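Below: the structure, in structure tokens.
The values are calculated or read from the model by the stated rules, or taken from the named source; none is laboratory data. Worth saying up front: this structure is predicted, and the values here are computed from it rather than measured. Cβ: placed from backbone, ideal geometry, glycine included. Neighbour counts: every protein chain shown. Please note that ligands, DNA and RNA were not included when accessible areas were found on the heavy atoms of the full protein model with its side chains. Shrake-Rupley method; radii C 1.70, N 1.55, O 1.52, S 1.80 Å.
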Amino acid sequence: MLRTIIIDDEPHVRKTLARMVEEECNNVKLLKSADGVKSGLKAINEQNPDLVLLDIQMDDGTGFDLLKKAEPINFKVIFITAFNQYAIQAFKFSAIDYLLKPVDPEDLVQAVNRTEQIVQQDFSTQLKVLDENLKTQETKGKKIILRTSETVHLVKVSDISYCESDLSYTQFYLTDGRKILVSKTLREFEDMLKEFGFFRVHKSFLVNFFAISKFEKADGGYLVMENNDRVPVATRKKDELMELFERLT
């Protein structure tokens, strides 16, 4: 049972979230609601919750301000936000759960269930990545959190050479030779990275266009990456890949 606090400066949002939690989330016990940074921090210190549903923009500060004052953070967080799509991308890259206003009950249930199963790791590291990604729109400076069973990796998007599907896992190949295996599907990362020069050249491979060294058309067609790895190109993807070369070069 997740002992939970809601922190949001809008009364109707607090009321709606409380109703949704009570009606939809059998694994949640609602302890208290608060309307800002000051009252939220007081509630956290008094209740010692397992989970905080936290608004980002509030009258007396931000959710980030609250978390800085609450360190060390020994509870899980789901952010509540009305941010635009660019900011949502930053949340995805940071592997931090969020809910868009107005909150959908099904999204709430799914986020809570995901959060319940996650083993709390270095949340402060994820917050740092989120903060950095919110401040920069440059791909070169973007970082993504890659979480394994034992480690939270901070990786620059530009340092990813390519990704390979391994059933429900994805193997990341970095430009420095490291490999990181993550328990998410390649499709999930394709959706996250496609805006940053990544292209699905094969059902099993997602490549960083800017890490390609050359395209060999022999032997069915394959890419040679800057680290000299070879990545196959599906027949149906060849024309699309050539069009991409034309647009970006």
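For the range 131-195, treating each Cα as an identical point scatterer without solvent, what Debye log10 I(q)/I(0) comes out at q = 0.13, 0.14, 0.18 1/Å?
With one equal scatterer per Cα and no solvent, log10 I(q)/I(0) is -0.34, -0.39, -0.66.
Within the set of other residues whose C-beta is less than 12 Å from the C-beta of Lys179, count the net charge using Lys and Arg as +1 and Asp and Glu as -1.
-3
Let's test the formula: R0 of 35 Å, r as the Cβ-Cβ distance of Met1 and Glu132. What FRET efficiency results, to the nearest 0.05?
Efficiency, rounded to the nearest 0.05: 0.55.
HN-Hα J couplings of the range 56-61 from phi, Karplus 6.51/-1.76/1.60, θ = phi - 60°, integer Hz, Gly and Pro as x?
Residue by residue, the range 56-61 yields 8, 9, 10, 4, 9, x Hz.
Using modelled amide H (1.01 Å from N, peptide plane; none on Pro or chain starts), what sits under 5 Å from the amide H of Ser94, excluding residues fewer than 5 places away?
Sorted by chain and number, the residues that satisfy this are Ile145.
Would you calculate, for the chain, the mean residue ellipticity at 222 nm contributed by helices, counting each DSSP H stretch of 4 or more residues as -39,500 (n - 2.57) and dividing by all residues, to the nearest 500?
Taken over the chain, the calculation gives -10500 deg cm²/dmol.
Rounded to the nearest 5, what % of the DSSP beta bridges within the chain are antiparallel ones?
65
From the cross-link list Lys15/Lys194; Lys29/Lys68; Lys194/Lys238; Lys32/Lys143, which pairs have alpha carbons spaced over 28 Å apart?
Lys15/Lys194; Lys32/Lys143
Which shape class, rounded, prolate or oblate, goes with the range 106-249 when its Cα gyration tensor gives a ≥ b ≥ c as root eigenvalues, a/c under 1.5 marks rounded, and past that a/b bigger than b/c marks prolate?
Since a/c reaches 1.5 and a/b is larger than b/c, the shape of the range 106-249 is classed as prolate.
Is the C-alpha gyration tensor of the range 10-118 telling us rounded, prolate or oblate? Criteria: a/c under 1.5 is rounded; beyond that, a/b larger than b/c is prolate, otherwise oblate.
rounded
For the chain, which whole percent of the accessible surface, found with a 1.4 angstrom probe, sits on carbon and sulfur atoms?
Carbon-and-sulfur percentage of accessible area, whole number: 46.
Per residue, what accessible area does the chain have, given a 1.4 Å probe and all protein chains present, in Å²?
The answer is 53 Å² per residue.
If each residue of separation counts as 0.36 nm, what is the full-extension length gain between Thr235 and Asn26 once their alpha-carbon separation is subtracted?
Taking Thr235 through Asn26 to full extension adds about 70.4 nm, to one decimal.
What are the ³J(HN,Hα) couplings of the range 46-54, residue after residue, when phi is run through the Karplus curve with 6.51, -1.76, 1.60 and θ = phi - 60°? Round to Hz, x for glycine and proline.
Result, rounded to whole Hz: 7, 9, 6, x, 8, 9, 10, 8, 10.
Show me, for the range 30-40, the HN-Hα J-couplings you get by feeding each phi into the Karplus relation (A = 6.51, B = -1.76, C = 1.60, θ = phi - 60°), rounded to Hz, glycine and proline as x.
7, 8, 6, 10, 9, 10, x, 5, 5, 5, x
Could you work out the relative contact order of the range 146-208? I mean the mean sequence separation of Cα pairs under 8 Å and 6+ apart, divided by the number of residues, in percent.
Worked out over the range 146-208, it gives 30 percent.
At 0.36 nm per residue, minus the direct Cα-Cα distance, what do Asn228 and Arg187 gain on full extension? Give it in nm, one decimal, please.
Answer, rounded to one decimal: 12.3 nm.
I want to check the label-to-label distance for Gln171 and Glu10. Put each point 7 Å from Cα in the C-beta direction and report it in nm to one decimal.
For Gln171 paired with Glu10, the spin-label model returns 4.6 nm.
Which residues' amide hydrogens lie under 5 Å from the amide hydrogen of Ala234, considering only partners 5 or more residues apart or on another chain, with H built in the peptide plane?
Distant-sequence amide H within range of Ala234: His202.
Taking amide H positions as placed 1.01 Å from N in the peptide plane, with prolines and chain starts having none, which residues 5 or more places from Phe205, or on another chain, fall under 5 Å of its amide H?
Counting only residues 5 or more places away or on other chains, the set is Ser165.
Hey, could you get me the Stokes-Einstein D for the chain, Kirkwood radius over alpha-carbon pairs, 4 °C and 1.567 mPa s, rounded to whole µm² s⁻¹?
For the chosen part, D equals 65 µm²/s.
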